[in-house]
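A.B. asks: Here it is, the structure, as structure tokens.
The values are calculated or read from the model by the stated rules, or taken from the named source; none is laboratory data. Note that the coordinates shown come from a computational prediction; the quantities given were computed from them, not determined experimentally. Here Cβ is always computed from backbone atoms with ideal geometry, including for glycine, and neighbour counts include all displayed protein chains. Accessible surface areas use protein heavy atoms only, side chains included; no ligands, DNA or RNA. Shrake-Rupley method; radii C 1.70, N 1.55, O 1.52, S 1.80 Å.
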Amino acid sequence: MIILKLASTFVRTVVSDSDVVKTPAFHNFERNLEYVHQLISAGRSLATFKPANLDVGDLYRAAWVQAVAALDYWVSQEIYSRAIRLAREPGIEKPKKFRDFAIPMAVFEDVHHHRIPLEEALGGHLRKFVTKNTFQQPDGIKDGLAIVTSITLWDRVAEIINQKQSAGDLKLDAGKAKEQLHQVVARRNRIAHEADRVADDASRKTDITAEEVTDAVATVEQTCEAILIALQESPEGALTAEGPAPRISEELTDQEPEIVVDGGGESIESPLGDWEFGTKPYGVHMRDLIERKLIEAGAEIRGTRGNERFSATVAPDGRVRLASGQLCTSPSKAGQVVLKRQSCNGWTFWKIQFEGAWVPLEVLRDKYLNLS
């Protein structure tokens with residue numbers, strides 16, 4: 001991909017530019033990409049040994065998928081934090097999509113009657129919004145960021161990329177800037193949904209090299225840095241250079257990591273650890289189930305592993321209180337703590353009594369989704 005080859009040159013020059021005022025969310029993005037680069041380095045090292053029972057390409061595929069996930073999560077964090085700060089500033093002109101952003105009347109009443117602070121009420125609704133949408137494809141990114149910026153996004157992104165490149169490099173317009181990102185995301189989807197199989201031969205995977213994934217990651221880096229600069233230039237951009245980044249996934253990520261390294265019919269647990277971004281599959285929190293009266297505050301939940309038994313209770317705000325007294329923001333976080341693991345699907349691990357039987361929490365989550 002010639003377009004992607006241009007990206008690596010851009011990143012080596014732009015990453016240290018003084019005009020990039022990095023937000024806390026962008027620092028998280030950079031940390032997540034450090035992990036991506038570690039996967040690529042591990043693949044390069046293993047490739048020299050030519051392991052018989054391991055497809056080194058799967059490490060590159062994992063890196064490719066995680067780079068796109070880092071992009072998705074970064075955009076989610078930027079939308080969330082920027083929208084909160086815009087709401088705090090009554091005197092500033094807001095983007096049209098921000099003014100048109102629909103919120104439930106119950107949220108308005110909670111704020112109006114001072115039952116819940118503005119940030120908490122709006123934050124809960126924003127979390128639902130960002131977890132029900134993906135921000136990987138160019139149009140999805142543009143539509144999401146339109147809530148918090150009035151800038152014409154992809155036109156300006158293309159201009160910024162062109163400014164950072166050498167005189168002889170191929171120049172981009174908005175369409176080409178979008179297309180190079182689209183190519184990366186399309187390959188990510190083939191990896192994630194089709195195991196990167198060859199179209200006419202499902203027994204083989206499409207070839208992948210360290211150079212290809214390095215170029216793909218560089219494209220993601222290039223695009224995100226240009227977006228960040230564009231956001232800073234918009235009338236709303238100066239509001240969000242400070243403050244902590246929201247930990248959206250801590251409350252909402254409730255699935256095991258999807259990526260495994262496949263070698264010789266065996267699978268190796270994904271090295272994702274407790275990475276900060278998530279898959280965002282449902283956007284449901286335990287407090288949603290309490291509000292719909294599917295779960296009562298104080299209800300007991302139970303989990304097992306072999307002969308081990310674990311018990312916890314549901315706090316009124318939807319958090320999970322362990323037997324030790326520790327409060328966890330989600331069932332999955334609670335499962336991670338009691339199992340001493342880096343990942344856990346708490347919706348299947350924990351069970352709750354419902355209609356006379358102990359059923360996984362996901363049963364009630366599914367009921368909630370059917371009611372929504």
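A.B. asks: If you roll a 1.4 angstrom probe over the protein chains with everything in place, what fraction of the accessible area of the range 99-201 belongs to carbon and sulfur, to the nearest %?
C.D. replies: Working: 2800 of 5480 Å².
Taking all protein chains in place, the range 99-201 shows 51 percent carbon and sulfur surface.
A.B. asks: Going by Cα centres, the range 134-184 and the range 92-106 are how many Å apart?
C.D. replies: Centre-to-centre (Cα) distance: 25 Å.
A.B. asks: With each label point set 7 Å from Cα along the Cα-Cβ vector, what nm distance links Arg99 and Ser150?
C.D. replies: Inter-label distance under the simple model: 0.9 nm.
A.B. asks: Using only the alpha-carbon atoms, what does the range 112-234 span along each of its principal axes? Please give whole angstrom values in decreasing order.
C.D. replies: Projected onto the principal axes, the Cα atoms of the range 112-234 cover 61, 43, 21 Å.
A.B. asks: Follow-up. Multiplying the sequence separation of Asn189 and Glu233 by 0.36 nm and subtracting their Cα-Cα distance, what value in nm do you get?
C.D. replies: Numbers: separation 44, 0.36 × 44 = 15.84 nm, distance 3.19 nm.
Computed gain between Asn189 and Glu233 is 12.6 nm.
A.B. asks: Moving on. Take the Cβ-Cβ distance between Arg88 and Ala315 as r, set R0 to 25 Å, and report the resulting FRET efficiency rounded to the nearest 0.05. Intermediate results must be reported in sequence, preceding the final value.
C.D. replies: On the way: r = 28 Å, r/R0 = 1.11.
Efficiency computed from Cβ-Cβ geometry: 0.35.
A.B. asks: Take the residue pairs Lys142/Lys176; Lys128/Lys340; Lys142/Lys171; Lys97/Lys367 and return only those whose Cα atoms are more than 24 Å apart.
C.D. replies: Working: Lys142/Lys176 15 Å; Lys128/Lys340 28 Å; Lys142/Lys171 21 Å; Lys97/Lys367 31 Å.
Checking Cα-Cα distances, Lys128/Lys340; Lys97/Lys367 exceed 24 Å.
A.B. asks: How much solvent-accessible surface does His182 expose, in Å² to the nearest 10, with a 1.4 Å probe and all protein chains in place?
C.D. replies: Only protein atoms counted, so the area is about 70 Å².
A.B. asks: Rank Glu93, Glu212, Glu194 by accessible area, highest first, at a 1.4 Å probe radius?
C.D. replies: Details: Glu93 130, Glu212 75, Glu194 105 Å².
Accessible-area ranking of Glu93, Glu212, Glu194, largest first: Glu93, Glu194, Glu212.
A.B. asks: Can you pull the one-decimal nm distance between simple spin-label points at Arg341 and Thr209, each 7 Å off the Cα toward Cβ?
C.D. replies: 3.9 nm
A.B. asks: Let me ask something else about it. Label points 7 Å out from Cα along the Cβ direction at Thr304 and Arg31: separation in nm?
C.D. replies: Label-label distance for Thr304 and Arg31, simple model: 3.8 nm.
A.B. asks: What do you get when you divide the Cα radius of gyration of the range 42-160 by 2.2 N^0.38 Å, with N the number of residues?
C.D. replies: On the way: Rg = 20.1 Å, N = 119, 2.2 N^0.38 = 13.5 Å.
The value comes to 1.49.
A.B. asks: Leaving out ligands and nucleic acids, note down the accessible area per residue over the range 56-197 with a 1.4 angstrom probe, in whole Å². Please list the in-between numbers first.
C.D. replies: Working: 6370 Å² over 142 residues.
Counting only protein heavy atoms, the per-residue value for the range 56-197 is 45 Å².
A.B. asks: Ignoring ligands, DNA and RNA, how do Glu362, Glu233 rank by accessible area with a 1.4 Å probe, largest first?
C.D. replies: Working: Glu362 60, Glu233 90 Å².
Accessible-area ranking of Glu362, Glu233, largest first: Glu233, Glu362.
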